[in-house]
Amino acid sequence: VLPPYIENAHLLEILEKKVDKRTADLNRALKETSEKSRIIERQNRILFSLFEISTRFYDTTSIDRLFKVALRHLKSLFPDFRFGIILEGRRSGILESGVFDGMPIEEQKRILSMRIKMNESNINDLMPQDRNIRAKTSWTLIPMRVKGRTIGKMVIKGPDIDEGTHRILSIF
């Protein structure tokens, strides 16, 4: 009488293992799909921001307003960062525009006063570090170039920037 019960128990055990494996596979696939969905949503937000900024480019009469729109979008996409955009005039040493978001006035003044000397490799030496913040703050400078000529700079304060984020910020 016992052999059929033992065989059934063995079959049920095998079936449970298969169900557990398939459940784990489905959970893994669900996690991957969720991650891909977040990436696509972020890419869509970035594209929407770029589209809105480019349409504003044709509608605005003030470069400062255009920069403020761009900074607002950057801030919504990258909430851990603070931004500044500096546009140089056609003649050397002439500031055409300087717009900032989230940086204290003292930092803005220092950036504007050091803008001629400031470049990608020395910005962290020129800008003071926050002593009261636990996380390391770094400064990043992305030159704005047109036809090989540097016309301005985007200054970013926040955590270290990875290559993908740097690429996105460069597009802006």
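Rounded to whole numbers, the Karplus 3J(HN,Hα) couplings from phi for the stretch 64-69 are 4, 5, 4, 5, 5, 5 Hz, using 6.51 cos²θ - 1.76 cosθ + 1.60 with θ = phi - 60°, and x at Gly and Pro.
Determine by what factor the alpha-carbon radius of gyration of the stretch 18-170 differs from 2.2 N^0.38 Å, reporting the quotient. Write down the numbers at each step before the final one.
Numbers: Rg = 19.5 Å, N = 153, 2.2 N^0.38 = 14.9 Å.
Its radius of gyration relative to the 2.2 N^0.38 Å reference: 1.31.
Coupling constants for the stretch 40-47 follow from the phi torsions by the Karplus curve (6.51 cos²θ - 1.76 cosθ + 1.60, θ = phi - 60°), and in residue order they are 5, 4, 5, 4, 5, 5, 5, 4 Hz; glycine and proline get x.
Close amide-amide hydrogen proximity is noted between Ile151 and Met144, Arg145, Val146, each under 5 Å apart and 5 or more residues distant or on a separate chain (H modeled in the peptide plane; Pro and chain starts excluded).
Shape class for the stretch 43-115, computed from the alpha carbon gyration tensor (a ≥ b ≥ c): oblate, with a/c not under 1.5 and a/b at or below b/c.
For the stretch 1-130, what is the relative contact order in percent, using Cα pairs closer than 8 Å and at least 6 residues apart in sequence? Walk me through the intermediate numbers first.
Working: 70 pairs, mean separation 17.1, N = 130.
Dividing the mean separation by the residue count of the stretch 1-130 yields 13 percent.
With respect to the chain, whose longest principal axis is taken over its alpha-carbon atoms, helix 105-114 is tilted by about 60°. Taking every protein chain into account, the accessible area of the chain amounts to 72 square angstrom per residue (probe 1.4 Å). Counting only lysines at least 8 places from Lys109 when in the same chain, those with an alpha carbon closer than 30 Å to its own are Lys68, Lys75, Lys117, Lys136, Lys147, Lys153, Lys157. Partner lysines whose Cα lies under 21 Å from the Cα of Lys18, excluding those fewer than 8 positions away in the same chain, are identified as Lys31. For Ser97, the amide hydrogen comes within under 5 Å of the amide hydrogens of Leu87, counting only partners 5 or more places away or on other chains and with H modelled in the peptide plane. Residues considered: Val99, Val155, Val19. Largest GNM mean-square fluctuation over the chain, using C-alpha springs under 10 Å, is found at Val19.
Derived scalar couplings between HN and Hα for the stretch 148-161 equal x, 9, 7, 10, x, 9, 9, 10, 10, 10, x, x, 4, 9 Hz in order, rounded to whole Hz, by the Karplus curve 6.51 cos²θ - 1.76 cosθ + 1.60 (θ = phi - 60°), x for Gly and Pro. Around the amide H of Met103, modelled in the peptide plane, lie the amide H atoms of Phe83, all under 5 Å away and 5 or more residues distant in sequence or on another chain.
Can you check what the net charge comes to around Ser37, using other residues whose Cβ is under 14 Å from the Cβ of Ser37 (Lys, Arg +1; Asp, Glu -1)?
Details: positive: Lys31, Lys36, Arg38, Arg42, Arg45; negative: Glu32, Glu35, Glu41.
Its environment carries a net charge of +2.
Largest GNM mean-square fluctuation across Ile142, Ile40, Ile14, computed for the chain with C-alpha springs under 10 Å, falls on Ile14.
The values are calculated or read from the model by the stated rules, or taken from the named source; none is laboratory data. Keep in mind that this is a model prediction, so the values were computed, not measured. Neighbour counts run over all protein chains shown; Cβ positions are idealised from the backbone, glycine included. All accessible areas refer to the heavy atoms of the entire protein, side chains included, with ligands and DNA or RNA removed. Shrake-Rupley method; radii C 1.70, N 1.55, O 1.52, S 1.80 Å.
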